[in-house]
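The values are calculated or read from the model by the stated rules, or taken from the named source; none is laboratory data. Because the structure is a prediction, the values reported are computed rather than measured. Because the Cβ atoms are built from the backbone with ideal geometry, glycine has one as well, and the counts that use them run over all protein chains shown. Side chains included, ligands, DNA and RNA excluded: accessible areas come from the protein's heavy atoms. Shrake-Rupley method; radii C 1.70, N 1.55, O 1.52, S 1.80 Å.
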Amino acid sequence: MALGRKGARRIVVDGTAYRWRLRRRPTYFQGLAWSPCTYAVEHADTPGTTLVVTTSQAHPSNWIGREAEAVLPSDVARAIERALCEGWIPTASRSPFHLNLSADFTPWP
């Protein structure tokens, strides 16, 4: 599964280039703040295994006005470093690697 180039942002972590993308429109559950925001990351030059990061906050475009912070490049860099430590191999062709950082997420009632 490869990320589309449109809307993907480039980031360099430890000398390696990656592309990352946050869904512009939330899913139904993200729109109601029932599930947390997610974004995807892949190696910029040799896309292989996609990293799917689940954050601990609501999607910034949720429909109910729940406060949410923007996903910053520094957040993405930390997630990439952590995923690499946990065994993510971005250039290998495998199933998506899931990094769950949503321990502090509380669904909207």
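Just a few scattered comments:
- Hits in the range 31-46 (condition: open to solvent by 10 Å² or more (accessible area, probe 1.4 Å), within 25 Å of GLY65 (Cα to Cα) and not in a strand (DSSP E or B)): LEU32, TRP34, SER35, PRO36
- Hey, ALA58 in contact with an Asp or Glu (Cβ under 8 Å, 6 or more places away or on another chain), crowded, with 16+ Cβ neighbours inside 10 Å and farther than 19 Å from SER93 by Cβ or not: yes
- The residues on offer are ALA77, ALA83, and the sole one that is more than 13 Å from SER35 (Cβ to Cβ) and surrounded by fewer than 18 Cβ atoms within 10 Å (Cβ to Cβ) is ALA77.
- Selection status of THR49, at pLDDT 95 or above, surrounded by 14 or more Cβ atoms within 10 Å (Cβ to Cβ), part of a loop (DSSP other than H, G, I, E, B) and of a type in the set (S, T, N, Q): yes
- Selected residue [under 24 Å from LYS6 (Cβ atoms) and touching a residue at least 24 places away in the same chain (Cβ under 8 Å)] from ALA103, ALA83, ALA58: ALA83
- Residues being assigned to a loop (DSSP other than H, G, I, E, B) and free of Cβ contacts under 8 Å to residues at least 12 places away in the same chain - total across the range 7-26: 1
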